[in-house]
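Let me begin by presenting the structure, written as structure tokens, before commenting on it.
The values are calculated or read from the model by the stated rules, or taken from the named source; none is laboratory data. Bear in mind the structure is a predicted one, so any value in this text is a computation, not a measurement. Here Cβ is always computed from backbone atoms with ideal geometry, including for glycine, and neighbour counts include all displayed protein chains. For the accessible areas, the whole protein counts, side chains as well, though only heavy atoms, and no ligand, DNA or RNA atoms are used. Shrake-Rupley method; radii C 1.70, N 1.55, O 1.52, S 1.80 Å.
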Amino acid sequence: MIKLGDAYDEQNIFAKILRGDMPCIKLYEDAHTLAFMDIMPQVEGHCLVIPKQPAVTFLDLSDEGAAAVMATAKKLAAAVIKAVDAPGFMLAQLNSSYAGQTVPHYHMHILPRHEGLELGFHARDPEDMAVLGALAEKIRAAL
């Protein structure tokens, strides 16, 4: 259970991705953030932006870290909506298990939206890595 005020766990999956201990399908990286495909997407093109700063929730993130995540999210959102030809998008950010947060590292979801297309369940159904890899190529090309 993730609660507000929890200490940062260096063994969480996103910390392992940042260290290179776990793979991800990388979309973008700079000095402060990393963006990659969500392996259990709620919609086609669902991706995540994380800070390199250790932070469990938004309240733990520095002002600089928050600004860096938003700048990367803005860049990525434009590329994602172009890659999947979406007329809209949603940014989602959950704080604590009570809000639906499943990984104890601050992260922003970018979810392209189409009329009539419902969101799938959060963190439930893994996508084929080849499908995600092909979509990631389209997103990187749109950056």
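Miscellaneous remarks
- In the range 11-23, residue nearest to V56 (Cα to Cα) [restricted to those that are open to solvent by 100 Å² or more (accessible area, probe 1.4 Å) and assigned to a loop (DSSP other than H, G, I, E, B)]: Q11
- Residue in the range 28-41 that is most open to solvent (accessible area, probe 1.4 Å), counting only those that are more than 15 Å from A68 (Cβ to Cβ) and of a type outside the set (V, I, T): M40
- The range 28-116 holds strands (runs of 3 or more DSSP E) entirely within its bounds, and those carrying 1 or more residues that are over 11 Å from the mean Cα position of the chain (by Cα) and among the small types (G, A, S) map to 88-92.
- Which listed residue, of V43, V80, V69, V84, is in contact with a strand residue (DSSP E or B) (Cβ under 6 Å, 6 or more places away or on another chain) and at pLDDT below 95: V43
- The set of residues in the range 84-96 being touching a Lys or Arg at 6+ places or on another chain (Cβ under 7 Å) and surrounded by 14 or more Cβ atoms within 10 Å (Cβ to Cβ) consists of A86, F89, M90, S96.
- Of all residues in the range 81-133, those satisfying the criterion of being among the small types (G, A, S) and closer than 16 Å to C24 by Cβ are A123, A130, G133.
- For the range 69-83, the tally of residues that are closer than 20 Å to V56 by Cβ and open to solvent by 20 Å² or more (accessible area, probe 1.4 Å) stands at 1.
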